[in-house]
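Right, one structure below, let's go through it.
The values are calculated or read from the model by the stated rules, or taken from the named source; none is laboratory data. Because the structure is a prediction, the values reported are computed rather than measured. Every residue, glycine among them, receives a Cβ derived from its backbone with ideal geometry; neighbour counts consider all protein chains shown. Please note that ligands, DNA and RNA were not included when accessible areas were found on the heavy atoms of the full protein model with its side chains. Shrake-Rupley method; radii C 1.70, N 1.55, O 1.52, S 1.80 Å.
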Amino acid sequence: MDLFQRFEKAFMPNYGVPPVALARGEGSRVWDVAGKEYLDFIAGIATSSLGHAHPALVEAVSKQVSTIAHTSNLFLHEPEVLLTEKLLDLLNAPAKVFLANSGTEANEAAYKLAVKYGRREGRSYFVAAENGFHGRTIGALSLTGKPAIRDQFGPFPIDVRFVPYGDADALKEAVTGDCIAVFLEPTQGEAGVVPPPEGYFEAAREICDSTGALLVADEIQAAIGRTGHWFAHQADGVTPDILTLAKGLGGGLPIGACVGFGDAGTLFEKGDHGSTFGGNPVSCAAALAVLDNLDLDHVKSVSARLRGGLEAIGHPLLKGVRGRGLWLATVLTEPRSAEVQRAAADAGFLVNALQPDAVRLAPPLIVTAGEVDAFVTAFPRILEEASK
Ligand SMILES: *Cc1c(COP(=O)(O)O)cnc(C)c1O
């Protein structure tokens with residue numbers, strides 16, 4: 001039996017069998033178990049921000065694991081303090097942090113903070129966006145606006161009302177003085193890397209301010225340099241009440257964070273929430289290495305190069321490019337994203353067939369101009385192959 005057959009035999013069928021088995025990586029390159037080389041333009045779903053085997057990440061993680069790998073929350077450690085201080089520094093607003101292990105757990109913390117707020121204020125429902133994605137655990141899933149993955153696991157404990165993403169009028173109508181919180185992605189990731197219209201987040205902030213609902217920004221995919229800014233809301237000039245982070249923060253090691261600004265930072269009382277692994281020293285050391293080694297000017301320049309290069313391609317299958325920073329979707333004129341993903345892999349590039357008509361590109365944030373050029377040069381032939 002090969003590795004794929006063994007995977008299929010041993011694993012629950014929820015992922016299907018992935019098409020490529022990776023063995024190792026270096027920078028923006030990865031190699032599969034047969035030794036075939038790829039340029040990685042998906043980075044473990046916008047997560048391997050420093051690419052693969054970055055020397056600073058390797059050193060930080062190796063040093064930490066050989067010093068102390070785990071303390072639990074019964075004891076504190078310096079890496080978690082350094083990391084939260086650094087995050088607060090970058091956020092540049094009064095806030096407090098809870099550290100988790102993943103995106104969905106960061107959102108569970110946000111959900112529970114909001115529940116505390118709702119009980120205190122006598123409010124009863126949440127608002128979230130259609131097609132939004134917030135995670136797979138029950139609280140986060142209840143906020144996820146995709147009936148296909150949500151509805152079969154309901155009913156959920158709190159009423160969530162869904163509004164079309166990007167429609168400020170619909171949001172205004174849905175959010176009353178009885179609304180606890182509004183959960184939104186600053187750009188919808190899993191829905192197809194869909195940025196909202198200009199001014200949507202500012203409108204959401206105003207609507208929450210005027211009704212007293214909390215604004216929760218799920219930046220699990222958007223933050224930590226992905227858009228060319230540390231945090232996407234900073235580009236929108238809006239500060240949420242609660243912010244959640246994960247994916248790119250640990251550069252591939254599991255970590256999530258829930259940030260409460262102002263009063264939202266002190267809603268939890270002692271004993272209200274916790275995680276045995278959350279904020280473990282190794283993941284914190286990795287996140288510190290990420291924050292110390294990202295170069296936002298580099299992200300801005302290579303993302304402009306990637307976008308410009310893709311937009312200059314004239315091909316009947318390519319309708320356009322959308323997204324922000326190094327977080328793009330190439331939008332197709334036909335539902336052939338699976339064919340594009342396959343043709344790209346054959347040509348030595350890993351991309352993600354995110355929606356039937358959208359292919360996600362999220363390379364490591366250290367991707368070079370030369371690597372971007374290699375992808376842009378190869379893409380017309382990939383589209384041609386996928387059209388057959
Ligand atoms: C990936 C993602 C999540 C869930 O993160 P996990 O680490 O997979 O639990 C939640 N929200 C957004 C916006 C995401 O992209």
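General remarks:
- Summed over region 133-179, residues that are among the hydroxyl-bearing types (Ser, Thr, Tyr), within 16 Å of the ligand (Cβ to nearest atom) and more than 17 Å from Asn14 (Cα to Cα) total 3.
- Residues in region 185-242 that are polar (S, T, N, Q) and out of contact with any His (no Cβ under 8 Å at 6 or more places or on another chain): Thr187, Gln188, Ser210, Thr211, Gln221, Thr227, Gln234.
- Residues satisfying the criterion are absent from region 285-293 (criterion: more than 16 Å from the ligand (Cβ to nearest atom), acidic (Asp, Glu), open to solvent by 50 Å² or more (accessible area, probe 1.4 Å) and over 20 Å from the mean Cα position of the chain (by Cα)).
- Residues that are in a strand (DSSP E or B) and either modelled with pLDDT under 95 or surrounded by 13 or more Cβ atoms within 10 Å (Cβ to Cβ) (or both) do occur in region 40-62, at least one of them.
- Single condition Arg226 does not satisfy, out of (1) surrounded by fewer than 24 Cβ atoms within 10 Å (Cβ to Cβ); (2) within 16 Å of the ligand (Cβ to nearest atom); (3) in a loop (DSSP other than H, G, I, E, B): (1)
- Flag if Val20 is buried (at least 19 other Cβ atoms within 10 Å of the Cβ), more than 16 Å from the ligand (Cβ to nearest atom) and touching a residue at least 40 places away in the same chain (Cβ under 8 Å): no
- Checking each residue of region 203-211 against the condition of being surrounded by fewer than 21 Cβ atoms within 10 Å (Cβ to Cβ), at pLDDT 95 or above and in a loop (DSSP other than H, G, I, E, B) gives no match.
- Contact map, region 184-202: first residue near the ligand (Cβ under 10 Å from one of its atoms) and open to solvent by 30 Å² or more (accessible area, probe 1.4 Å), second residue assigned to a loop (DSSP other than H, G, I, E, B) and aromatic (Phe, Trp, Tyr), Cβ cut-off under 9 Å, separation 6 or more or different chains; pairs are Glu190/Phe133.
- Any hit, region 159-173, residues being in contact (Cβ under 8 Å) with a residue 40 or more places away in the chain, open to solvent by less than 40 Å² (accessible area, probe 1.4 Å) and closer than 25 Å to Ala235 by Cα: yes
- In region 252-274, the residues that are within 18 Å of the chain's Cα centre (by Cα) and farther than 19 Å from Leu91 by Cα: Gly252, Leu253, Pro254
Table: residues versus (1) in the same structural domain as Gly248 (by TED's automatic domain parsing); (2) at pLDDT below 95; (3) in a helix (DSSP H, G or I); (4) not hydroxyl-bearing (Ser, Thr, Tyr).
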| position | (1), (2), (3), (4) |
| --- | --- |
| Glu26 | no, no, no, yes |
| Tyr38 | no, no, no, no |
| Thr67 | yes, no, no, no |
| Thr71 | yes, no, no, no |
| Pro79 | yes, no, yes, yes |
| Leu90 | yes, no, yes, yes |
| Val97 | yes, no, no, yes |
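- Any hit, region 114-121, residues being within 23 Å of the chain's Cα centre (by Cα), within 16 Å of the ligand (Cβ to nearest atom) and among the hydrophobic types (A, V, I, L, M, F, W, C): yes
- If you go through region 305-344 and keep only what is among the β-branched types (Val, Ile, Thr) and not in a strand (DSSP E or B), you end up with Ile313, Thr333, Val340.
- Gly323 vs. criteria under 18 Å from the mean Cα position of the chain (by Cα), at pLDDT 95 or above and not assigned by TED's automatic domain parsing to the domain that holds Gly225: yes
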